[in-house]
Amino acid sequence: MLTIINGVIEEAAGFDLTEIINGEEVTRPSPFARHQMIGGNLLSAIYRYVKMKGLGRVYCSPLDVIFEEGINRIQPDILFIRKDNMAILQDWVRGVPDMVCEIISPGSYERDTAVKKAVYERYRVPEYWIVLPELQQIEILTIEVDRYKLHSIAALEGVVTSKAIEGLQVNVRDIFE
């Protein structure tokens with residue numbers, strides 16, 4: 001797990017990587033070092049912007065997002081909660097964050113891009129980031145009429161823009177280096 005303490009990203013050990021997806025308990029292994037590096041770079045970029053603009057809070061896995069107790073309890077790699085949505089932040093997140101992000105590992109492609117995407121869509125998470133390390137690509141999907149539509153994409157080089165985090169632009173090169 002990555003946490004930011006006094007502006008420094010640190011790792012912590014001894015956490016539970018169990019999720020409940022569509023009523024089924026799923027335990028996943030801890031991520032590889034490259035996954036953590038990419039997550040740290042992206043977390044840092046989003047965190048700095050959100051803090052500078054006073055927009056809300058940014059968290060990283062493992063932090064449970066409970067959509068429905070016992071049915072969908074998911075740990076996105078990164079999530080953002082707008083200032084006016086902070087009531088969902090309790091012991092865990094109990095409700096719908098404004099943005100979730102999944103960094104795709106070789107063994108998680110279907111779970112993250114299909115199964116979790118469908119769960120996030122069902123609960124109308126406004127924005128879903130899919131980070132594909134092997135392609136050095138970031139896709140940002142936004143909810144439009146109950147379905148995700150591609151909002152922004154960049155691979156190898158270029159910038160992605162967020163709708164949920166107003167004004168945020170992320171250069172993909174900075175994330176994958």
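Residue pairs whose Cβ atoms lie under 7 Å apart, sitting 6 or more positions apart in sequence or on different chains, and linking a residue in segment 74-91 that is in a helix (DSSP H, G or I) to a partner that is acidic (D, E), are N85/D98.
The residue list A114, A154, A118 contains one member that is in contact with a helix residue (DSSP H, G or I) (Cβ under 7 Å, 6 or more places away or on another chain) and surrounded by fewer than 21 Cβ atoms within 10 Å (Cβ to Cβ), which is A154.
In this entry, D174 passes the filter for residues that are closer than 14 Å to L43 by Cα and among the acidic types (D, E). Among the criteria (1) farther than 17 Å from I74 by Cβ; (2) in contact with a Ser or Thr (Cβ under 7 Å, 6 or more places away or on another chain), the one Q137 does not fulfil is (2).
Listed conditions (1) surrounded by fewer than 17 Cβ atoms within 10 Å (Cβ to Cβ); (2) more than 17 Å from R124 (Cα to Cα) are all met by I71, apart from (2).
For segment 144-168, the set of residues classified as under 16 Å from L79 (Cα atoms) and of a type outside the set (K, R) consists of T161, S162, A164, I165, E166, L168, listed by residue number. Show the residue pairs that are 6+ apart or on different chains and have beta-carbon atoms under 7 Å apart, the first residue being within segment 111-128 and farther than 16 Å from E24 by Cα and free of Cβ contacts under 8 Å to residues at least 60 places away in the same chain, the second being among the charged types (D, E, K, R) and assigned to a helix (DSSP H, G or I). These pairs meet every condition: Y128/K117. Count of segment 116-169 residues, restricted to those that are among the basic types (K, R) and either touching a Phe, Trp or Tyr at 6+ places or on another chain (Cβ under 6 Å) or within 23 Å of G54 (Cα to Cα) (or both), is 1. Do we have V131 as in contact (Cβ under 8 Å) with a residue 24 or more places away in the chain and not aromatic (F, W, Y) here? It is true that V131 is in contact (Cβ under 8 Å) with a residue 24 or more places away in the chain and not aromatic (F, W, Y). Go through segment 129-152 and give me each residue that's touching a strand residue (DSSP E or B) at 6+ places or on another chain (Cβ under 8 Å) and under 24 Å from P31 (Cα atoms). The answer is W129, I130, V131, L132, P133, L135, Q136, Q137, I138, E139, I140, L141. The set of residues in segment 52-63 that are outside any strand (DSSP E or B), at pLDDT 95 or above and in contact with a strand residue (DSSP E or B) (Cβ under 8 Å, 6 or more places away or on another chain) contains only L55.
Across segment 20-48, the number of residues qualifying as of a type in the set (S, T, Y) and either at pLDDT 95 or above or within 15 Å of W129 (Cα to Cα) (or both) comes to 2. Residues in segment 121-151 that are surrounded by 14 or more Cβ atoms within 10 Å (Cβ to Cβ) and among the β-branched types (V, I, T): V125, I130, V131, I138, I140, T142, I143.
The values are calculated or read from the model by the stated rules, or taken from the named source; none is laboratory data. Note that the structure is a prediction, hence the values are computed from the model and not measured. For neighbour counting, all protein chains shown are included, and Cβ atoms are generated from backbone atoms with ideal geometry for every residue, glycine included.
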